[in-house]
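The values are calculated or read from the model by the stated rules, or taken from the named source; none is laboratory data. Model, not experiment: these values are computed from the prediction. Quick reminder, even Gly has a Cβ in these numbers, built from the backbone with ideal geometry, and neighbours come from all protein chains shown. Heavy atoms of the whole protein, side chains included, go into the accessibility calculation; ligands, DNA and RNA do not. Shrake-Rupley method; radii C 1.70, N 1.55, O 1.52, S 1.80 Å.
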2 protein chains.
Amino acid sequence: MTLDMKAGVSGEQIRPDRLAEALERLKETVGPSGWSTHPGLLEPHVVDWTGVMRGSSPLLLKPARTEEVATIVSICREYGLKIVPQGGNTSLVGGAVPSGKGVEILVNLARMNKVRAVDTINDTMTVDAGCLLASIQAEAEKNERLFPLRLASEGNCQIGGNLASNAGGSNVLRYGNTRDLVLGLEVVLADGRIWNGMRGLRKDNMGYDLKQLFIGSEGTLGIITGAVLKLFARPASVATAVCAVPSVKAALDLLALCKQRTGGQVTAFELMPGTGLELVLKHFPACRLPLERLCEWQVLIEFSSSDETASQQERMTAVLAEAYEAGLVSDAVVSASLSQSRSFWALREGLAEADMMEGPTIQGDIAVPISSIPDFLEICSAAISQAVKGARIIAFGHLGDGNIHFGIIQPADVLPKDFLARSDEIHGIINHNTLRFGGTVSAEHGLGTLKAGAVLKYRGEVEQDLMLAIKHSLDPSGMMNPGKVLEAGRRQLQE
Amino acid sequence: MTLDMKAGVSGEQIRPDRLAEALERLKETVGPSGWSTHPGLLEPHVVDWTGVMRGSSPLLLKPARTEEVATIVSICREYGLKIVPQGGNTSLVGGAVPSGKGVEILVNLARMNKVRAVDTINDTMTVDAGCLLASIQAEAEKNERLFPLRLASEGNCQIGGNLASNAGGSNVLRYGNTRDLVLGLEVVLADGRIWNGMRGLRKDNMGYDLKQLFIGSEGTLGIITGAVLKLFARPASVATAVCAVPSVKAALDLLALCKQRTGGQVTAFELMPGTGLELVLKHFPACRLPLERLCEWQVLIEFSSSDETASQQERMTAVLAEAYEAGLVSDAVVSASLSQSRSFWALREGLAEADMMEGPTIQGDIAVPISSIPDFLEICSAAISQAVKGARIIAFGHLGDGNIHFGIIQPADVLPKDFLARSDEIHGIINHNTLRFGGTVSAEHGLGTLKAGAVLKYRGEVEQDLMLAIKHSLDPSGMMNPGKVLEAGRRQLQE
């Protein structure tokens, strides 16, 4: 078997008259309100949320139905055009912007935003892929249920994008990643056919679990157009705490104790360094520290339960008292109200932005086994400090998932451009140390454009070949979201 | 793209001297204690647990290391031999027996039975695929953790087989299927290479999630040789109840109430029909009914929590009192001791065997959306009763997962052979009604040999093509577990 991978962005030319004909047919497919070629209207769709990754496209399509998506794919295929599927364009890794190196048609699913059905006995919600995450959360709430995916971008991101990137977020510890929140999918394949896998089953061993292929593949294998999502009992009692901990190791022991005492009802367990919280307090004057003073490490903990008869505040206070006795916590405040809980979360959520307000920041979205976090933080921080004199390291994130956002702020005495010029070197140090501990260089954001070379650089040949074989198998012409996930075309599969 | 599928069992011949040479090299690979050709020793490996499916093999191999498995695959590939990977051979669908139609080498992983590592901070256990499920449960217990997969065959089945078949069982409601219990895999591919995906990460979006392909593929894409499993906090308090419910609909409302009141800590919710429990009491005289009298429907419920300070008995008693007031329960007994809890489970676990002791039984392992269970049971039972006069229907199982074991016992006035001759027709009625409700004809047992035609019969062309494309992509010569899952070779993929 020799697979000639053409999955990358090719420079193939299409004759101008053929292109014009194709664009005309695409416009007809979606009707007058479903397309745009106006540069101003295209602007937010060809640039990544971060503003760093920019491409171009001759046409933005906004189909209203799955069948229109299927026709679009068929037409693009017929004319040799490529497709960039797009949700809210909030991946932060350029997963949904065109490269501009070829003729890439943007297919944005914003108009496919219907909740198709809610079943509160099966605890499922069936949705179009273009539904905003926030709308889905609200619809679940309206039905006295919880859809637990929780992201900073929830007001802008679409569930199709969440599924395509297997988004993580703040509730993974309790409810899992997006992959764990879905029972069925509808996908338009690269050959233009529609796969209807919209089954709301909690057990289904009838052949290969095809939906798993599309979840996390970032639109490179097909376009997700619908999903059957899991719903959960709505939390009736929630408690949030901010605690100072003597060390990261102590934080891990505290996590184990919380898991034990709550029977797994820890919703969040977030690491916050003192250096980072200092910047939050500096740049967000409305933020208040609930503790007497900042220590090197703090954690934000959340317990929740759908049982309204059990107070999570009481439970959390008891667990933290036990932790204090055991020396795992040096100070702690449990929220007394919802607004206080929100103010605790504001500290955590301000960390990424405060870093960037302080100066240009280079950040890795990595994960290692939870047990390796203390060593990883120590060794990686030392390596960065040695390489970048005066670097301010802000490592924070989802400790309970092993997911650390490892950020380095520009040293005060270095010019921003000189610091950013070392971006590859600094990412290299973070990545090298992540992999030493059996980790991943993309924990929750995906690979997109930004890290499209990571698999070929950091994973072994066998793993690369498996991924390329799947890509080739489902998208042999490489038309789906070219250049993302795999920098295909650089190697050939040979047997 | 035209894929010439050769995934089925082919009748290709291999020259006797070439075969002898291949067998010699295979024996050398595993050494004197790693192989057998003795018919008596091969017997339990070529017959399915049910005794129904029987095949043949010239050689049983028991490799001791992953590298030996890789060499075996390479040699088989070189000589055109096929491979049947085998764990405990307890799939009940003939997933691990050779067909005997070609030269199929049995590769049993029983000697690869080491626990490689336990990490109680990362809450992971790294194991060889040949570890018995019961050994893994015991090792978790030794480390004050829980590995929650719970199956009737746990003393005989191997974790590799559980993973290959994505086994379900009694704890799925709380902890998910086997797929949900694994973080990393090691797989020997059909080209003889080893894929090392043994990462213990809870978030990893670095490309396609390859392990998902092998989980549930029943050995048709590669041989799972190792896994990183998730561990959980060990339950400190458990409560079990048997309840009479006025209807299946009431049972579903009771399930929703239990989920709400426990914050999702319902470990089991099992449906038991009065007709079935009558047979259990008849054939297992040691079993006792804890209720005053049998009703048409009973449920067995289990709550558990790792929090030793909260009594699950108290919690369950309160929930059942509330349910009684709401008319969801007509009678209920909560276990007062572990031994009483075991006696409740004996009723549930006796159901399948009691059916078979009563007479030849035809049983479907199906799942439908939970909300469809009442209608499914009513309509499917009526259809069966109409087709098979005097049929005794025993429908029981994992109500909380939508998974019903729909059994029909031979009518008293029909000869066993005449009843069993209608097996295809009866399965057809069950399957037809299952699919009407958006269900699956294999919920937790997989397809194996028994249901290898189901995908081609019951799923649409797009889904079939996707599965065949993946099979072709990862096992182009069709050497891995031929004839299982997909009755490949019957169709050709054409584009």
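Take the conditions (1) farther than 29 Å from residue B:232 by Cα; (2) surrounded by 20 or more Cβ atoms within 10 Å (Cβ to Cβ); (3) within 9 Å of chain B (Cβ to nearest Cβ); residue A:461 misses just one of them, which is (2).
Residues in region B:431-442 that are more than 14 Å from chain A (Cβ to nearest Cβ) and open to solvent by less than 60 Å² (accessible area, probe 1.4 Å): B:433 alone.
Within region B:25-56, the residues that satisfy the criterion of being farther than 29 Å from residue B:363 by Cα and of a type in the set (Gly, Ala, Ser) are B:31, B:33, B:34, B:36, B:40.
The lone criterion from (1) crowded, with 17+ Cβ neighbours inside 10 Å; (2) within 14 Å of another protein chain (Cβ to nearest Cβ); (3) modelled with pLDDT of 95 or more left unmet by residue B:265 is number (3). Of the numbered criteria (1) more than 27 Å from residue A:467 (Cα to Cα); (2) out of contact with any Lys or Arg (no Cβ under 8 Å at 6 or more places or on another chain); (3) within 12 Å of chain A (Cβ to nearest Cβ), the one residue B:186 fails is (1).
Filtering region B:63-79 for residues that are at positive phi and either open to solvent by less than 60 Å² (accessible area, probe 1.4 Å) or under 23 Å from the mean Cα position of the chain (by Cα) (or both) leaves an empty set. Residue B:420 passes every criterion in (1) within 30 Å of residue B:162 (Cβ to Cβ); (2) more than 14 Å from chain A (Cβ to nearest Cβ); (3) open to solvent by less than 40 Å² (accessible area, probe 1.4 Å) apart from (3). For region B:201-211, state whether one or more residues are more than 16 Å from the chain's Cα centre (by Cα), more than 7 Å from every other protein chain (Cβ to nearest Cβ), closer than 22 Å to residue A:370 by Cα and buried (at least 24 other Cβ atoms within 10 Å of the Cβ). Yes - at least one qualifying residue is present in region B:201-211. Each residue in region A:240-262 was checked for being within 13 Å of chain B (Cβ to nearest Cβ) and more than 19 Å from residue B:304 (Cα to Cα), and 8 pass.
Scanning region B:281-293 for residues being in a loop (DSSP other than H, G, I, E, B) and farther than 18 Å from residue B:341 by Cα gives a total of 1. For region A:34-62, give me each residue that is open to solvent by 60 Å² or more (accessible area, probe 1.4 Å) and either among the β-branched types (Val, Ile, Thr) or not assigned by TED's automatic domain parsing to the domain that holds residue A:95 (or both). Residues satisfying the conditions are A:37, A:50, A:52. Here region A:172-181 is the region considered, the condition is being surrounded by fewer than 21 Cβ atoms within 10 Å (Cβ to Cβ) and in contact with a strand residue (DSSP E or B) (Cβ under 9 Å, 6 or more places away or on another chain), and the residue that is nearest to residue B:264 (Cα to Cα) is A:175.
The rows are residues; the columns are (1) open to solvent by 10 Å² or more (accessible area, probe 1.4 Å); (2) in a loop (DSSP other than H, G, I, E, B); (3) closer than 23 Å to residue B:188 by Cα; (4) more than 10 Å from chain A (Cβ to nearest Cβ).
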{"residue": "B:414", "(1), (2), (3), (4)": "yes, yes, no, yes"}
{"residue": "B:426", "(1), (2), (3), (4)": "no, no, no, yes"}
{"residue": "B:444", "(1), (2), (3), (4)": "yes, yes, no, no"}
{"residue": "B:447", "(1), (2), (3), (4)": "no, yes, yes, no"}
{"residue": "B:450", "(1), (2), (3), (4)": "yes, yes, no, yes"}
{"residue": "B:457", "(1), (2), (3), (4)": "yes, no, no, yes"}
{"residue": "B:472", "(1), (2), (3), (4)": "yes, no, yes, no"}
{"residue": "B:482", "(1), (2), (3), (4)": "no, yes, yes, yes"}
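Select, from A:88, A:155, A:102, A:168, the only residue that is small (Gly, Ala, Ser), open to solvent by 30 Å² or more (accessible area, probe 1.4 Å), touching a strand residue (DSSP E or B) at 6+ places or on another chain (Cβ under 9 Å) and part of a loop (DSSP other than H, G, I, E, B).
Details: A:88 fails: open to solvent by 30 Å² or more (accessible area, probe 1.4 Å); A:102 fails: open to solvent by 30 Å² or more (accessible area, probe 1.4 Å); A:168 fails: open to solvent by 30 Å² or more (accessible area, probe 1.4 Å).
Only one candidate qualifies: A:155.
Looking only at residues in region A:139-152 that are closer than 25 Å to residue B:209 by Cβ and open to solvent by 20 Å² or more (accessible area, probe 1.4 Å), the one that is nearest to the other protein chains (Cβ to nearest Cβ) is A:146. Report yes if residue A:130 is surrounded by 18 or more Cβ atoms within 10 Å (Cβ to Cβ), on the phi > 0 side of the Ramachandran plot and assigned to a loop (DSSP other than H, G, I, E, B), otherwise no. No, not satisfied.
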